[in-house]
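The values are calculated or read from the model by the stated rules, or taken from the named source; none is laboratory data. All figures in this text were calculated on a predicted structure; none of them were measured in a lab. No Cβ is skipped: glycine too gets one built from the backbone with ideal geometry, and neighbour counts run over all protein chains shown.
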Amino acid sequence: MSEPASVASDTIAERLLAWYDRHARRLPWRAPPGQRADPYHVWLSEVMLQQTTVQTVQPYFHDFLSRWPSVHELAAAPREDVLAAWAGLGYYARARNLHACAQVVSRELGGVFPDTEAGLRKLPGIGPYTAAAIAAIAFDRPSAPLDGNIERVVARLFAVEDPLPGAKETLRARMGAIVPQQRPGDFAQAMMDLGAGICQPRKPRCMLCPLSDVCTASARGIAVDLPVKAAKKAKPTRQAVAFWTVRADGCVLLRRRPDKGLLGGMLEVPSTDWTEAPWAEGAAFAQAPISASWTELPGVVRHTFTHFHFTITVWAAEVPAHTRAETGEWWPFERLSDAGLPTVMRKIADHAVKKAAE
DNA sequence: CATTCGTGGGC
DNA sequence: TGCCCAAGAAT
């Protein structure tokens, strides 16, 4: 009786590393073979990759490295520049923490990233996963990073049927038990590559997997069913009226959001509160950023955030040159693409421009 | 431990 | 179309 789980853990690592040597994805933040990855590159990529796909991250990674080649330059950059460069990537707390982290590393640590999991874990924006990942990838520490890919691979390898997130510590322990002392950084990346390319969520390609004959879930034919996850809540809908204010000199009124909460620190098209109920005309008018003759544009803008749907009605107005607003910034329309609007705000701006032209 | 926090792509 | 998922962290 050859039970898959009885195979020595070093065999798992050996097989996976041999597979990785042939099939590793070539990514801009990875070191060429035989070289050590730059910790700044590893850190920047890991933060960008939190809950974000490789394809989405690539252009942002290149842009950030081009503008801020080292952690010192990133630390010295104005925060609004960093936030604008992050615009569209989502989860904007990452950008605020990225900048804060760069300043700690640059000013307090001489530009040198901590080379231990515990040291990394103290920095803003670096949680359990990212600390373990940087320790492994940049410093070759035998840590046990656990991201969505590795959760899935480990759950299947050992047929862990307990639902997430409760099973997370079980999976982390299982991962820790198979991390090799040799090439732990490559091992972590190999697990992620395997999860991304072979051990996929809906379509595990066990026929191509170097670990299929040591995988309990594959042997039982239940790989596609793992990991088990808790049911998700339904998304409520919120509504708002956004105010598209065009000044005669070609500027548009924007406003910076408070530092905490949704889209914290980002520029926005001024709007009413975001409420469950639709807005009556008078109530919306009372929250306009400026006194003007507003026209409701046809249609609505729809956008879905992580935990709610959002429906926006747009009101537009033209105001004289040199009109002042109590709060907000007037942005030259032709430079609007440099403002760094989050995607939902870019949708509102695009809608306003399109409908106003009709 | 549960909630909050973006966005784009795949099926 | 609607839901799932992606190199999660902070609170």
Counting only residues in the range A:80-99 that are out of contact with any helix residue (DSSP H, G or I) (no Cβ under 9 Å at 6 or more places or on another chain) and assigned to a helix (DSSP H, G or I), the one nearest to residue A:66 (Cα to Cα) is identified as A:80
When the range A:305-324 is checked residue by residue, the ones that are among the aliphatic types (A, V, I, L, M) and either under 18 Å from residue A:273 (Cα atoms) or not assigned by TED's automatic domain parsing to the domain that holds residue A:287 (or both) are A:312, A:314, A:316
Going through the range A:147-188 in order, the residues found to be within 16 Å of DNA strand B (Cβ to nearest atom), crowded, with 23+ Cβ neighbours inside 10 Å and of a type in the set (A, V, I, L, M, F, W, C) are A:171
Those residues of the range A:279-322 that are within 16 Å of DNA strand C (Cβ to nearest atom) and in contact with a Pro (Cβ under 9 Å, 6 or more places away or on another chain) come to a total of 4
TODO: Could you tell me whether the range A:146-153 includes any residue that is under 30 Å from residue A:231 (Cβ atoms) and over 20 Å from the mean Cα position of the chain (by Cα)?
DONE: yes
Just a yes or no: is a residue in the range A:260-278 surrounded by fewer than 19 Cβ atoms within 10 Å (Cβ to Cβ), over 32 Å from the mean Cα position of the chain (by Cα) and either within 16 Å of DNA strand C (Cβ to nearest atom) or not assigned by TED's automatic domain parsing to the domain that holds residue A:78 (or both)? no
For the range A:285-316, the count of residues that are within 16 Å of residue A:244 (Cα to Cα) and assigned to a loop (DSSP other than H, G, I, E, B) equals 13
Flagged in the range A:173-192 as part of a loop (DSSP other than H, G, I, E, B) and of a type in the set (D, E, K, R), in numbering order, are A:183
Could you please let me know if residue A:91 is of a type outside the set (Asp, Glu), within 12 Å of DNA strand C (Cβ to nearest atom) and closer than 20 Å to residue A:30 by Cβ? no
Scanning the range A:196-220 for residues that are within 11 Å of residue A:155 (Cα to Cα) and surrounded by fewer than 22 Cβ atoms within 10 Å (Cβ to Cβ) gives A:216
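One line per residue, one yes/no per condition, for (1) hydrophobic (A, V, I, L, M, F, W, C); (2) at pLDDT 95 or above:
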| position | (1), (2) |
| --- | --- |
| A:241 | yes, yes |
| A:259 | no, no |
| A:279 | yes, yes |
| A:293 | no, yes |
| A:351 | no, yes |
| A:358 | no, no |
Notebook entry, point to check: Is it true that residue A:148 is touching a residue at least 24 places away in the same chain (Cβ under 8 Å) and at positive phi?
Noted result: no
If you go through A:16, A:44, the only one that is buried (at least 16 other Cβ atoms within 10 Å of the Cβ), at pLDDT 95 or above and within 25 Å of residue A:107 (Cα to Cα) is A:44
Residue A:144 meets each of (1) more than 30 Å from residue A:206 (Cβ to Cβ); (2) among the aliphatic types (A, V, I, L, M); (3) more than 12 Å from DNA strand C (Cβ to nearest atom) with one exception, condition (1)
